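Let me begin by presenting the structure, written as structure tokens, before commenting on it.
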Amino acid sequence: MFHLCSLLPLLLLLEFSFHATSTDDFSTYIVHLDPSSRPKHFTTNQQWHSSIVSAVKSSTNSSLENSFLYSYQNALHGFSAVLSQQELQTVQNHPGSLVLASWIPNGSTALVGKNMLLTSEGFNLISGTSMACPHASGVAAMLRGVHPEWSHAAIRSAMMTTAAQLDSSMMPIKDFGLNYTAASPLAMGAGHMMPNKAMDPGLVYDATPQEYVSLLCSMNFTRNQIMTITRSNEYDCANSSSLDLNYPSFVAFYDKNVTTGAMLTHKFRRVVTNVGAATASYEVKVAPPVGVKVAVWPQRLVFGKKNEQRDYFVEITYGSDGEGMVSYGSIVWVEESGKHTVRSPIVVAPTSSAGSVWMHV
């Protein structure tokens, strides 16, 4: 999650790779400028950027007002502006300029609640891993500061198990890429991060580096491939090999080409660590996916001290669906005091081969 952040300015902007559909359209463009091309009489980048837009508007006799939107003072060294196709061509001819992205101003960007459609109005809102990275990294850094003793796996667990599945209108988060239907865990992961709750998650799913290596071993990674990832010969496949990583989610695959209705069973083991109060008791609440049976045992976890661990088991029984339908639900551990809820998504989905069960949400 952290190694992408050095590329964030470029990754974020390249997500906006859209283009105007007509020469008469105005679009919002993000323009990169080479800092070495800045004339000496400009004392700031913003003055320089604004002057370019003004010069372009004058040379093309544009009537559009307030076309200059924002000046980037970081590694991007550029600006965003609303430009016509003719103005865009003029900007592209400017020394040191490079257009990175654009967005049609009157395009819809998001749906909040049942009927609140947001338009871009010169800006855009897009959902994706590049946009999520700085937010997730910032929350992870905050948790690292609050809990320096936590592992990376524990930090991720806290972020996932405390996430919300409802938007600000208290409606299910929607999938922009699927006609604004309710988003599944395959689209939104565990949900919308809640940083304050993540600081005190109650329970975490921890995992050691060797456990991740065991997962790679089960996926038939070679020793050289594993060393490329770990950059260490400290870990190998001699001790164990397991697909069941101690991860705060559950995925059960089926082969949609087998006989419809054939029953399958997938078993999981999970270990949770108490990072809350010294003594705590949790009871499980299961929301099974449609047409799926989910059994959890034990149904109650009791902790006598902080950092104590308890394991539990999950058995998911489901049938093959010839149409390749994806269904999802959740397992939630609720503290008896009501202070903490620890949620894990469940997904039942098709795969081309029922034997290649390796992906985790």
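The values are calculated or read from the model by the stated rules, or taken from the named source; none is laboratory data. This is a predicted model, so every value here is computed, not measured. As a convention, Cβ positions derive from the backbone with ideal geometry for all residues, glycine included, and neighbour counts pool all protein chains shown.
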(message) Checking the conditions here, which among Thr230, Thr265 is touching a residue at least 24 places away in the same chain (Cβ under 8 Å) and β-branched (Val, Ile, Thr)?
(response) Thr265
(message) Going through Arg223, Arg270 one at a time, which residue ends up being among the charged types (D, E, K, R), assigned by TED's automatic domain parsing to the domain that holds Gly324 and over 27 Å from Gly138 (Cα atoms)?
(response) Arg270
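Any idea how many residues of the range 83-96 are under 18 Å from Asn45 (Cα atoms) and at pLDDT 80 or above?
Of the residues in the range 83-96, 2 are under 18 Å from Asn45 (Cα atoms) and at pLDDT 80 or above.
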(request) Please work out which one of (1) over 13 Å from the mean Cα position of the chain (by Cα); (2) modelled with pLDDT of 70 or more; (3) in a helix (DSSP H, G or I) is the condition Met131 fails and give its number. (result) (1)
(message) Considering only the range 234-255, I want to know if a residue exists there that is in contact (Cβ under 8 Å) with a residue 24 or more places away in the chain and of a type in the set (Val, Ile, Thr).
(response) yes
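Looking at the range 243-284 only, could you name the residues that are in a loop (DSSP other than H, G, I, E, B) and over 23 Å from Ala154 (Cα atoms)?
Filtering the range 243-284 for residues in a loop (DSSP other than H, G, I, E, B) gives 243-249, 256-262, 275-279.
Those that are in a loop (DSSP other than H, G, I, E, B) and over 23 Å from Ala154 (Cα atoms): Lys256, Asn257, Val258, Thr259, Thr260, Gly261, Ala262.
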(message) Here is a check on your reading of the model: is Val326 closer than 25 Å to Ala187 by Cβ, in contact (Cβ under 8 Å) with a residue 12 or more places away in the chain and out of contact with any His (no Cβ under 8 Å at 6 or more places or on another chain)?
(response) yes
